[in-house]
1. Are there any chymotrypsin sites (Phe, Trp or Tyr not before Pro) in region 32-70 that are in a DSSP loop and have at most 11 other Cβ atoms within 10 Å? List them by number.
2. Let me have the 222 nm mean residue ellipticity of the chain computed from DSSP H runs of 4+ only, each contributing -39500 (n - 2.57), with the sum over all residues rounded to the nearest 500.
3. Could you work out the local net charge near Phe30, counting Lys and Arg as +1, Asp and Glu as -1, over the other residues with Cβ closer than 13 Å to its Cβ?
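Please treat every number below as a calculation from the coordinates, not as lab data. A quick note: this is a predicted structure, and the numbers were derived from the prediction, not measured. A quick note on method: Cβ atoms are made from the backbone with ideal geometry, for glycine too, and the neighbour counts reach across all protein chains shown.
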Amino acid sequence: MGYTCANDVSSEGSWHDDPSNWRKKTSDTFGPVGPWIETDLDPQGVEIITRVNGKETDRGSTSGMTFNCYETVSRISEFVTLHPGDLILTGAPGAVGGNERW
């Protein structure tokens, strides 16, 4: 098991008129992951900072998650069979800068 970063990108423009909402999450460049997997990490207090063009837009810590990483994996595995290579995206800690235009 290891940890990495992912960017769960959402489109602002194309989803308002689409009741299925699939387009807001679907594009060739959406969902970048990596660039590496960290295998020697305590996931319980990792500071996460988002920067856009060098400007800090978000800051948070995994210590503020509603369910810690271990609880998250345990809970998900009650309903879904997890396999090597599966990704679990836990969401953004702290505030999300979705109202700002880049």
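1. Numbers: sites: Trp36, Phe67, Tyr70; in loops: Trp36, Phe67.
Filter output for region 32-70: Trp36.
2. The helix contribution divided over the chain gives -2500 deg cm²/dmol.
3. Value of the local net charge: 0.
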